[in-house]
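Colleague: Before I ask anything, here is the structure I am working with.
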Amino acid sequence: MGGFSDCSSKRVSAWQKKLSLAASSTEDLREWGLAGDLSDAELQELRENFDIRVPESFRQRILESEPLRRQVEPVRHELVFLPEELADPIGDEVHSPIKGLTHRYANRALIKLTHLCGVYCRFCFRRYKVSQEGNQLTSQEMRAVLSYLLDHREIREVILTGGDPLILPDAFLFKFLGDLAAIPHLRVVRFHTRIPSVLPERITSEFCRRLNDFPFCSWVVAHINSADELNQGVVASISRLVQSGIPVLSQSVLLQGVNTSFGQLQELFEQLVEHRVRPYYLHYPDLAQGTHHFRIPLEDALELYQSLRGQLSGICIPHFILDIPGGAGKISLPSAGLVRVGERTWKARSPLTGDWIQFSYPPQTGLL
Ligand SMILES: *Cc1c(COP(=O)(O)O)cnc(C)c1O
Ligand code: SF4
């Protein structure tokens, strides 16, 4: 893992060593049984679009779990970019006043300190940027982010996302959090992370204690898509957060072959609640390039989501979210602000401007 050497201490912690044990080379992928019948050239092309990285902690588990394997295994379908698909599906760039910061909603801003992650989820909606080492913020760019936050007193919440903010070494991360702590109007810092699922040992009790030392309140939103992710280590990691008093929410993406049956969603959300995680968002997959095989038709997704109500406890039911393609904002479904206008075409009302935006999903290919 490069890119952080100037800020991290010489001592490499145990979790950082573990992070470097992931499979990403062609040889690793073949050895782990994750290359299917892909040629070396195809693997290389896949990697150029979006890097491949399967964490060591998944190695055994992907043999037993289709939902886990589907999330990390590179497949040929990814090489197909359909006309409806967009490089920047939710318009991060449109609302980015300076590098590394997206300010779409007045009172909260996204910050991407890094574009690297512990795993590269094949359905990632930021796959056009994520995994590229060159997108790491320099210290000068970080200072610009901090001064933007200082100048915008309407921002009371910062969402650290990426990439995965928790793959940053403590020395780097806590330095930045210390700088955030000096901005008096910032009251809440939210971490959007996949680390509890892929590298649970990174979340130590000491880490939680240090988070709680800041004047702002930290919330963790763990990205978890399948109950199969919740093994003992993952549950223990969540438990360290919760016991230290840090609220934990989850977000999931609705993914064909991973969680598109009623039973799979029920198991996921009920288990999360048993582990004191409140399911927060279930996302309909954004129109990222090379991800069509993960999407079920929106009308089917709505029906599936609505079937949860009445059968699951209310605290097990997340909001079902559609991020309007192009950057017009998120809406919570079902909504009077979403209207079907054609076989695959919909119109949604932007929560930001009130404008109706029309968009289409690719045809179902039946590839999977
Ligand atoms: C999703 C998102 C947020 C957070 O939205 P919440 O509904 O508060 O979870 C903030 N900023 C941007 C740019 C986003 O895309
Ligand atoms: S961890 Fe998040 S940002 Fe990283 S590849 Fe997965 S979905 Fe994308």
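Bear in mind these aren't lab numbers, they're just calculated from the coordinates by the rules spelled out. As the structure is a prediction and not an experimental result, all values here were calculated from the model. Please note: Cβ atoms are built from the backbone with ideal geometry, for glycine as well, and neighbour counts cover all protein chains shown.
Colleague: Quote the relative contact order of region 223-368 in percent (integer), defining contacts as alpha-carbon pairs under 8 Å separated by 6+ residues.
Modeller: Working: 218 pairs, mean separation 27.7, N = 146.
For region 223-368, the relative contact order is 19 percent.
Colleague: While we're looking at this one, here's another question. If a/c stays under 1.5 just call it rounded; otherwise compare a/b with b/c (prolate if a/b is bigger, oblate if not). Do that for region 92-142, with a ≥ b ≥ c from the square roots of the Cα gyration tensor eigenvalues.
Modeller: Working: a/c = 2.22, a/b = 1.32, b/c = 1.68.
It is oblate, given that a/c is not under 1.5 and a/b is not larger than b/c.
Colleague: While we're on this one: For the chain, take N as its residue count and report Rg(C-alpha) divided by 2.2 N^0.38 Å. Before the final figure, lay out each step's value.
Modeller: Working: Rg = 19.9 Å, N = 368, 2.2 N^0.38 = 20.8 Å.
Cα-based Rg divided by the globular estimate yields 0.96.
Colleague: How many nm separate the modelled label positions at K99 and T138, each set 7 Å beyond the Cα in the direction of the Cβ?
Modeller: 0.6
Colleague: Related question: Considering only DSSP beta bridges where both residues belong to the chain, give the percentage that are antiparallel (nearest 5). Don't jump to the answer; show the numbers that get you there.
Modeller: On the way: 18 of 47 bridges.
Of those bridges, close to 40 percent are antiparallel.
Colleague: So what's the back-of-envelope 222 nm ellipticity for the chain, counting only DSSP H runs of four-plus at -39500 (n - 2.57) apiece and dividing by all residues, rounded to 500? Write down the numbers at each step before the final one.
Modeller: Details: 12 runs with 104 residues, N = 368.
Using -39500 (n - 2.57) per qualifying helix, the result is -8000 deg cm²/dmol.
Colleague: Stretched out fully, how many nm does the piece from F262 to D213 gain, at 0.36 nm a residue minus the Cα gap? Before the final figure, lay out each step's value.
Modeller: Working: separation 49, 0.36 × 49 = 17.64 nm, distance 4.08 nm.
Value of the extension gain: 13.6 nm.
Colleague: With the cut-off at 1.5 for a/c, could you classify region 78-223 from its C-alpha gyration tensor as rounded, prolate or oblate? Intermediate values should be presented prior to the final figure.
Modeller: Numbers: a/c = 1.91, a/b = 1.26, b/c = 1.53.
Oblate, because a/c is 1.5 or more while a/b does not exceed b/c.
Colleague: Can you list the aspartates and glutamates whose alpha carbon is less than 12 Å from that of K99, not counting same-chain residues fewer than 8 positions off?
Modeller: E141
Colleague: Work out, step by step, the length gained on full extension between Q44 and R344: first 0.36 nm times the residue separation, then minus their alpha carbon distance; give nm to one decimal. Let's see the in-between values first.
Modeller: Working: separation 300, 0.36 × 300 = 108.00 nm, distance 3.27 nm.
Using 0.36 nm per residue and subtracting the Cα-Cα distance, I get 104.7 nm.
Colleague: Taking DSSP loops as anything outside H, G, I, E and B, show the longest stretch in the chain free of GluC sites (Glu not before Pro) there with at most 12 other beta carbons within 10 Å. Mind dumping the intermediate values first?
Modeller: Values: sites that count: E93, E154, E343.
Longest gap between qualifying sites, sites excluded: 155-342.
Colleague: With springs only between Cα atoms under 10 Å, which of G310, G233, G91 fluctuates most in a Gaussian network model of the chain?
Modeller: The residue with the greatest mean-square fluctuation here is G310.
Colleague: Taking DSSP loops as anything outside H, G, I, E and B, show the longest stretch in the chain free of trypsin sites (Lys or Arg not before Pro) there with at most 12 other beta carbons within 10 Å.
Modeller: Working: sites that count: K10, R11, R153.
Here the longest segment lacking exposed loop sites spans 154-368.
Colleague: Can you tell me the dipole magnitude for region 125-205 around its Cα centre, using point charges on the Cβ only (Lys, Arg +1; Asp, Glu -1), in Debye to the nearest 20?
Modeller: 220
Colleague: Find how much the distance from D179 to D151 grows on full extension, using 0.36 nm per residue of separation minus their present alpha carbon separation; answer in nm with one decimal. It would help to have the intermediate numbers written out before the result.
Modeller: Values: separation 28, 0.36 × 28 = 10.08 nm, distance 1.41 nm.
So the extension gain works out to 8.7 nm.
Colleague: Something else now. Give the shape of region 169-281 as rounded, prolate or oblate, defined through the alpha-carbon gyration tensor: a ≥ b ≥ c are the square roots of its eigenvalues, a/c under 1.5 means rounded, and otherwise the shape is prolate if a/b is larger than b/c and oblate if not. The partial results should precede the final answer.
Modeller: Details: a/c = 2.31, a/b = 1.96, b/c = 1.18.
It is prolate, given that a/c is not under 1.5 and a/b is the larger ratio.
Colleague: Something else about it: Distance from the Cα centre of region 102-174 to that of region 194-241, in angstrom?
Modeller: The distance from the Cα centre of region 102-174 to that of region 194-241 comes to 18 Å.
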